[in-house]
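**Student:** Structure in structure tokens, see below.
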């Protein structure tokens, strides 16, 4: 079946550092890919998405490129802020609008 | 963007009682809503797909008699945790898709923190 794998463990970094969160997927065909962000005590918000190979999703300084050849959708941001501290989930859309999520990565940005 | 409202945001109940959680799409209609459960420091686990006007589709391992789902209108789905036990304590999140068939965007509620004591 379809699955999403995110790198293990929380990510702690200093303000203005470069952020990368790895995401790889296993799927039949070419599903749409998403990054969601969850702030403490809240639901998920769509951060960005890409619907086909080589598409680049971007929002709020975050970017991710749909790489078919490596089945990856890594999230990057060039200069993080304290307000970016949250949990980030990579997801793919299966049939019937179902979403399969990765385990999530806690990002902590230290001033 | 579209708004999904989940209520209550927090609830504490006694063991053996039932708790109802509402998920409303405020400015759009949704034929399909999804209910997720999130364990601490873990991902979201899809519990069931709520279909307007028909029975919900439950994921393997989810007890349908324990987690009752009703989707009576195009803007409201409810999840009732029946005979709650402490192990049901969790963060429950719903999502709703805009109309338009497949490949529509999902919007998430703010979640409900359920604590069973």
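**Student:** Kindly indicate the residue of the stretch A:24-41 that is within 29 Å of residue B:114 (Cβ to Cβ) and crowded, with 16+ Cβ neighbours inside 10 Å and also farthest from the other protein chains (Cβ to nearest Cβ) among those meeting that condition.
**Tutor:** A:35
**Student:** Still on this structure, please answer the following. Take the stretch A:61-111 and flag every residue that is part of a loop (DSSP other than H, G, I, E, B), touching a residue at least 60 places away in the same chain (Cβ under 8 Å) and within 14 Å of chain B (Cβ to nearest Cβ).
**Tutor:** A:94, A:102, A:103, A:104
**Student:** Keeping to the stretch B:70-111, report how many residues are surrounded by 22 or more Cβ atoms within 10 Å (Cβ to Cβ) and more than 7 Å from chain A (Cβ to nearest Cβ).
**Tutor:** The qualifying residues number 10.
**Student:** How many residues are over 16 Å from residue B:112 (Cβ atoms) and surrounded by fewer than 17 Cβ atoms within 10 Å (Cβ to Cβ) if we restrict to the stretch B:14-51?
**Tutor:** Result for the stretch B:14-51: 9.
Here, each number is a calculation from the coordinates, and none is a lab measurement. A quick note: this is a predicted structure, and the numbers were derived from the prediction, not measured. Cβ atoms come from the backbone with ideal geometry, glycine included; neighbour counts cover every protein chain shown.
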